[in-house]
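To start, the structure itself, in structure tokens.
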Amino acid sequence: MKTKSGDFVLPGDALGVTEEFVPAEWTFEDQGKIRSLVAGTVTLDNKNKRISIIPKTNSPSILKNGLVVYGQISEVRGQRALMKIEGAKDTNRSLATNFSGGIHISQADKGYVAKLTDEFRIGDLVDARVTKVLGLDNVDLTTAENELGVIKAMCTNCRSFMKQVSKNEVICPDCGRKERRKISSKYEG
């Protein structure tokens, strides 16, 4: 793998190894290899040992620290809620590839959180901010801001969308079940 600056690459192409370079913009690490996320031109920064891609025009959105994303909770267990990231907020461009992220219990809300299942449930639609991108399935997220959190809650009993009744409580219009959530100030319901 002797990739040089100026080489044209396609998504998934191997660019180098993590022993030599650090993955930067439009790249990701996959089992010790650095791969391209998009079609574009390779840029090597030999001083800082970073490898990145300058994407072809009309390239898709890419995850980076600080970006607000939306997605659906796919699993809640112990200290971490897993979210399938659907896209980036405030853009009509799709992501370069599918990403999965995790919200650690310490990043779910401001202050102490006793149980993560009081914050999120499977099927909930969530807005979150990216805090760290380590790969396709290793994105750290936070919802510890007022405008972040559950934007649409799904009843764990009948799977209907729920209505907000207080700051951290929702109720199912179909079965009457009440549940707690980390509700966004932009809750839709």
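The values are calculated or read from the model by the stated rules, or taken from the named source; none is laboratory data. These numbers were taken from a predicted model, which means no experiment stands behind them. Note: ideal-geometry Cβ built from the backbone for every residue, glycine included; neighbour counts use all protein chains shown.
Within region 1-19, the set of residues being of a type in the set (D, E, K, R) and surrounded by 12 or more Cβ atoms within 10 Å (Cβ to Cβ) comprises ASP7, ASP13. Given the condition closer than 30 Å to TYR187 by Cβ and either modelled with pLDDT of 90 or more or in contact with a helix residue (DSSP H, G or I) (Cβ under 6 Å, 6 or more places away or on another chain) (or both), answer yes or no: does some residue in region 54-66 qualify? Checking region 54-66: at least one residue is closer than 30 Å to TYR187 by Cβ and either modelled with pLDDT of 90 or more or in contact with a helix residue (DSSP H, G or I) (Cβ under 6 Å, 6 or more places away or on another chain) (or both). One residue stands out in region 24-45 among those that are touching a residue at least 40 places away in the same chain (Cβ under 8 Å) and under 15 Å from THR97 (Cβ atoms): the one that is surrounded by the fewest Cβ atoms within 10 Å (Cβ to Cβ), namely ASP30. Taken residue by residue, region 23-31 has no member that is aromatic (Phe, Trp, Tyr) and closer than 30 Å to CYS155 by Cβ. The residue pairs whose first member lies in region 62-83 and is assigned by TED's automatic domain parsing to the domain that holds ARG121, whose second member is small (Gly, Ala, Ser) and not in a strand (DSSP E or B), and whose beta carbons are closer than 7 Å, counting only pairs six or more residues apart or on different chains, are GLN72/GLY123; ILE73/GLY123.
One residue alone among LYS89, LYS132, LYS110 is under 25 Å from GLY16 (Cα atoms) and either surrounded by fewer than 19 Cβ atoms within 10 Å (Cβ to Cβ) or touching a Cys at 6+ places or on another chain (Cβ under 8 Å) (or both), and that residue is LYS132.
At least 1 residues that are aromatic (Phe, Trp, Tyr) in each: list the strands (runs of 3 or more DSSP E) lying fully within region 70-189 that qualify.
Numbers: elements: 80-88, 99-104, 125-133, 139-142, 149-152, 163-166, 169-171, 178-180.
Fully inside region 70-189 and qualifying: 99-104.
For VAL113, the criteria (1) hydrophobic (A, V, I, L, M, F, W, C); (2) within 20 Å of PHE28 (Cβ to Cβ); (3) over 19 Å from the mean Cα position of the chain (by Cα) hold in every case but one, which is (2).
Restricting the first member to region 171-187 and to residues that are on the phi > 0 side of the Ramachandran plot, and the second to residues that are assigned to a strand (DSSP E or B) and surrounded by 13 or more Cβ atoms within 10 Å (Cβ to Cβ), no beta-carbon pair is closer than 7 Å while six or more apart or on different chains. In region 37-52, how many are at pLDDT below 90 and in a strand (DSSP E or B)? Total meeting the criteria: 1.
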